[in-house]
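Please read the structure below before turning to the comments.
Any read-out appearing in this document is the output of simple, stated calculations on the displayed coordinates, not a laboratory observation. Small disclaimer: the values here were computed from a predicted structure and weren't measured. Cβ placement follows ideal geometry from the backbone for every residue including glycine, while neighbour counts extend to all protein chains displayed.
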Amino acid sequence: YTIFAPFNGALPSGVSLLMLQGSPNLQTFLLNHVVAGGIYSMADLSAGMKLNTVGGATITVLELLQQQDNGGIGGSPMASRSSNNNNWTPDFVVSADNMAKVTFPNMEISNGIVHLCSGALVAVPQS
């Protein structure tokens, strides 16, 4: 499996996934962040790539380019400084219904890989 997991702070204020425990909406929300059928490290991903989730959503991989001397293209809040000397480097952003930056990629788990994201890729269920 490949999991694009939003970190806890990425959820809207006052929302806790524990509050939704047992809800079918929570299950769908979580499954829309899981890609079955392959383990994709960041090196395996490319701009425009589409990945189908277990929950039925399609995740699109976007590539945001950045440069060290200006901190990002067009002042985008998702662009961050590169550690390379003024070289263009890929900074991956993924999108389903919502867009999120991959902040901590390639965390290996026993049955796949996790990419921690800056936000949820689909709407957080309300109940």
Formal net charge of residues neighbouring I59 (Cβ-Cβ distance under 15 Å; K, R +1; D, E -1): -1
Amide H partners (placed H, <5 Å) of A5, local residues excluded: H115, L116, C117
Local net charge near Y40, Cβ-Cβ under 15 Å (Lys/Arg +1, Asp/Glu -1): -2
Over the range 1-52: Kirkwood hydrodynamic radius from C-alpha pairwise inverse distances, Å: 12.9
³J(HN,Hα), Karplus 6.51/-1.76/1.60, whole Hz, each residue of the range 106-115, x for Gly, Pro: 6, 8, 6, 10, 4, 10, x, 9, 10, 10
